[in-house]
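Novice: Would you mind keeping the following structure in view while I ask a few things?
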Amino acid sequence: MKLLKNKNLWVILSIVVLVGVAFTFIPEPIDTDLEKIGNGQKSVVFIYDPNLVASNQQATEISKARDIIGDQANFLLVRFGDPSRESFRSTYRVNPVDLLFFDEDGELFDRDVAVLSAEALIEKVAD
């Protein structure tokens, strides 16, 4: 009976450790605050569609770029189909997996389509 209790304890402990390790590898969510456009930093706005594989691939590359350059640029996300972002989508005529690049003053200076590597993203927002 004691062996069974120790085995259960090890199983529970292993699960707790695995969950803890898994949470350390989950990337930080991409910011959705479009008010950051024009705040003195360049901004990359990604039009995310959860139904497209390219969206998940691009989100991974954005997380990598953010990890490399930190807060030197704003990496922002607009979920395609979100009614609260309709004004933004219609102003810039965006489609799913579009990437919009804004300068420090909030002026659109480039646009592209996913998937761009972290290095390519950084190059576009580099000073």
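The values are calculated or read from the model by the stated rules, or taken from the named source; none is laboratory data. Everything numeric here is computed off the predicted structure, so don't read it as measured data. Please note: Cβ atoms are built from the backbone with ideal geometry, for glycine as well, and neighbour counts cover all protein chains shown.
Novice: May I ask you to list the residues in the range 66-84 that are among the small types (Gly, Ala, Ser) and closer than 12 Å to residue 34 by Cβ?
Specialist: Listed by number, the list holds a single entry, 84.
Novice: Now a separate question. Being in contact with a strand residue (DSSP E or B) (Cβ under 7 Å, 6 or more places away or on another chain), farther than 20 Å from residue 65 by Cβ and not aliphatic (A, V, I, L, M) narrows it down to one residue among 85, 79, 111, 93; which is it?
Specialist: Result of the check over 85, 79, 111, 93: 85.
Novice: Give the residue, chosen from 122, 47, that is of a type in the set (A, V, I, L, M, F, W, C) and either surrounded by fewer than 17 Cβ atoms within 10 Å (Cβ to Cβ) or within 17 Å of residue 36 (Cα to Cα) (or both).
Specialist: 47
Novice: Please pick out the residue among 37, 68, 30 that is of a type in the set (A, V, I, L, M), out of contact with any strand residue (DSSP E or B) (no Cβ under 6 Å at 6 or more places or on another chain) and modelled with pLDDT of 65 or more.
Specialist: 68
Novice: Further question: Within the range 66-96, restricting attention to residues that are over 17 Å from the mean Cα position of the chain (by Cα) and of a type in the set (Val, Ile, Thr), which residue is farthest from residue 122 (Cα to Cα)?
Specialist: 91
A quick yes/no check of all residues on (1) of a type in the set (Asp, Glu); (2) buried (at least 17 other Cβ atoms within 10 Å of the Cβ); (3) free of Cβ contacts under 8 Å to residues at least 60 places away in the same chain; (4) under 11 Å from residue 114 (Cβ atoms):
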{"residue": "57", "(1), (2), (3), (4)": "no, no, yes, yes"}
{"residue": "61", "(1), (2), (3), (4)": "yes, yes, no, yes"}
{"residue": "71", "(1), (2), (3), (4)": "yes, no, yes, no"}
{"residue": "78", "(1), (2), (3), (4)": "no, yes, yes, no"}
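Novice: Residues in the range 93-115: is at least one part of a helix (DSSP H, G or I), surrounded by 11 or more Cβ atoms within 10 Å (Cβ to Cβ) and touching a helix residue (DSSP H, G or I) at 6+ places or on another chain (Cβ under 9 Å)?
Specialist: Checked against the condition, which is being part of a helix (DSSP H, G or I), surrounded by 11 or more Cβ atoms within 10 Å (Cβ to Cβ) and touching a helix residue (DSSP H, G or I) at 6+ places or on another chain (Cβ under 9 Å), the range 93-115 yields no hits at all.
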